1. Regarding residue B:12, is this residue within 24 Å of residue A:282 (Cα to Cα) and within 13 Å of chain A (Cβ to nearest Cβ)?
2. Here are A:260, A:264, A:240: which of them is assigned by TED's automatic domain parsing to the domain that holds residue A:323 and closer than 12 Å to residue A:365 by Cβ?
3. For the structure I just gave you, tell me whether residue A:576 is within 20 Å of the chain's Cα centre (by Cα) and in the same structural domain as residue A:478 (by TED's automatic domain parsing).
4. Going through A:173, A:245 one at a time, which residue ends up being of a type in the set (Gly, Ala, Ser) and within 14 Å of another protein chain (Cβ to nearest Cβ)?
5. What single numbered condition from (1) of a type outside the set (Asp, Glu); (2) open to solvent by 10 Å² or more (accessible area, probe 1.4 Å); (3) more than 30 Å from residue A:278 (Cα to Cα); (4) outside any strand (DSSP E or B) fails to hold for residue A:455?
6. Only one of (1) assigned to a helix (DSSP H, G or I); (2) in contact with a helix residue (DSSP H, G or I) (Cβ under 6 Å, 6 or more places away or on another chain); (3) farther than 24 Å from residue A:143 by Cβ fails for residue A:196. Which number is that?
7. Check every one of the strands (runs of 3 or more DSSP E) wholly within the stretch A:522-603 and list those with 1 or more residues that are open to solvent by 30 Å² or more (accessible area, probe 1.4 Å).
8. It is to be established whether one or more residues within the stretch A:12-28 are modelled with pLDDT of 95 or more and in a strand (DSSP E or B).
Amino acid sequence: MVYISSTNIVTSLGFTTTENIEKISQGISGITILDDKKMVPETVAVSIVNNELLEQRFVEISNNTNFTRFEKFVILSVSDALKQTKIDIRDSRTILIISTTKGNIDLLDDKMKEKYHENRLHLWKSAQITADFFMHPNRPLIISNACISGGLALITAKRLIDSGMYDNAVVVGADILSEFTLSGFIAFKAVSSQACRPFDAARDGMTPGEGAGTLILTKFEQFSTVEKIALIGGGNSNDANHISGPSRTGAELSWAINIAMNEAGMTPANIDMISAHGTATLFNDESEGKAICLSNLETVPVSAIKSYIGHTFAAAGIIETIVAFESIKRNEVYTNLGYENHGIPNNINIRKEKRLIPLKTVVKTASGFGGVNAALILSKSQEYKEKFEIHKPKLNITKNVIIRASHASVNGKNIFLHDNYSDFADFSKSLYKYLNISYPKFYKMDNLSKIAFLASEILLNETNFKQKYNPEDIAIILSNGSSSSDTDAKYFETIKNRADYFPAPSVFVYTLANVMVGEISIRHGIKGENCVFISEKFDPEFLKNYTEILFRMGRAKAAIIGRVDYDYPHAGHEAVLYFIEKLENIDEKTIFDTQNLKSIYFN
Amino acid sequence: MEDLIHNLKKQIIEALNLEDMKPEDIDAEAPLFNEGLGLDSIDALELIVLMEKHYGIKMENPNDGKKLFYSIKTMAEYINSKK
């Protein structure tokens, strides 16, 4: 069992879980109207953490003035959660997991560049700095998967504990609201001028927010809270439909919910509340309603809390899980602020007013750019048993592809060499032409997605994967060092000067590394588990362990794994992909182990 | 009008990365979305940016786009009407 030991929430409503829940329970929202022309020219509603209060709280913990705003969010949140538990973050059996979409993105600004080394923009760098603050002995795990980052971090933590890799996990999600993110979502016409209204007929967009949330998880019952609430199921899927728009049918989110219920040993009759993603964009809420009905949960009370604290991006999945945890403790489905008239085609059980009902088991959902979905189950029921295959499956590296510099190779043999290599644009175009495919969307991709797309194209060719596997049975697990830094810089150029201010939505959409996974999924119709882990260097040990967990849980029957980077660590680019399958008879040379992953990567 | 249509085609090819396409390949009266050029929702957002960047036309209501962005011709007519 993976129990919740302690929590923290940092948002516009306060700096602790209690401060936040007191306000939410009273129906008080932290959303304000932002009229700051220095930030964005438009007037929009946002949820912002007050800077003076942030500084006041932070000096109580540290007088080091060198931390960035994002790092302060993480440190404040984790510190407060640690105060309420006996679990030691300095214990090597505890893993720190950090989820964020954009980390220190405000450091792109010229003024900030003077103060901080450019490395600080890398998610692994800021994660290491916060881990060092807590004297955490392990390398922190970083999950950057758009708006499901937080939810996926919790699911990952549960799996790492269930599999015996760790005993405890400190899971933190954080994102700051910056000119960068705000302008991007405004260019997407996704931001409301008023506080957002999830599932309401008059909803006209989301409310961008910021904050952090921390959940400390443990396998030890004695460290759980008196209610003994545990995380008992988790599912993750990809729409394979569009990189920014949600699924038209909701089938993939529904699949993630069903998988999570199945792991938890629950049926729809056991579910007492749904903590929805509810961003209040036209399409998200509609698609989510479809998913809820497809999973036969239409009679289950729905709670959507983004009208209190906005969309806190990577923090959202964690903060909303904590709010759901508090709901179970108090048997309260909080007021759905902003909801007046039903605004989606499906009849789900949502009401404005607060409801006091006995709550035992809750489903939390999330969706995001790149077509990603996550669902997790929180329960105080004690009937759960882990579903883990004890025996490690026999896994094989069926095929590998490497694209580096001016060449591409398959299983160590060169298949393509670009003679007069001048730049990546030229190289990627000639490799695309060489592959003799017609996929005009390729030209719209950013460089990171292009190299991931080309490598997956070569990898999957002649593998017969469509005949052998269902779309949900193929996982895509990628590791990456630079996140989307190349595209981040390009997008920032479009908003840097007010005299030439034209935020480009088609660039902004690629400022998330997991969109490359979305592109591969769309191209090949792959809908299974998918995640991007950020690490400074190639980490074969973790990739191997995590992939093995997915196979042991029955979540993958095949997997595309590897490392994809653009303009990193130096000016280069690389995609090293492996196709992993279960086989009865395996040649030692291709057995799926750390040694073989390494020797292919460093060939 | 002819010049405007030609310029629009060039700007659209550039803004939407329609590599391998030349202005003469695009039929000014054919639908831009779904069939025709096969543009999607992100392209529609880029067209809104294009209208503001090159023609100073601000589109507050994205729903207006459906009619205006039907074809290159409807876009050109709209730009002319705003002059």
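1. For residue B:12, the condition - within 24 Å of residue A:282 (Cα to Cα) and within 13 Å of chain A (Cβ to nearest Cβ) - is not met.
2. Among A:260, A:264, A:240, only A:260 is assigned by TED's automatic domain parsing to the domain that holds residue A:323 and closer than 12 Å to residue A:365 by Cβ.
3. The answer is no for residue A:576.
4. Only one candidate qualifies: A:245.
5. Exception for residue A:455: condition (2).
6. Among (1) assigned to a helix (DSSP H, G or I); (2) in contact with a helix residue (DSSP H, G or I) (Cβ under 6 Å, 6 or more places away or on another chain); (3) farther than 24 Å from residue A:143 by Cβ, the lone unmet condition for residue A:196 is (1).
7. Because the criterion is at least 1 residues that are open to solvent by 30 Å² or more (accessible area, probe 1.4 Å), the strands (runs of 3 or more DSSP E) in the stretch A:522-603 that meet it are A:558-566, A:573-582.
8. Among the residues of the stretch A:12-28, at least one is modelled with pLDDT of 95 or more and in a strand (DSSP E or B), which makes the answer yes.
The values are calculated or read from the model by the stated rules, or taken from the named source; none is laboratory data. Computed from a predicted model, the values in this text were never measured in an experiment. Positions of Cβ are backbone-derived with ideal geometry, glycine not excepted, and every protein chain shown enters the neighbour counts. Ligands, DNA and RNA are stripped out before the accessible areas are found, and what is left, the full protein with its side chains, is counted by its heavy atoms. Shrake-Rupley method; radii C 1.70, N 1.55, O 1.52, S 1.80 Å.
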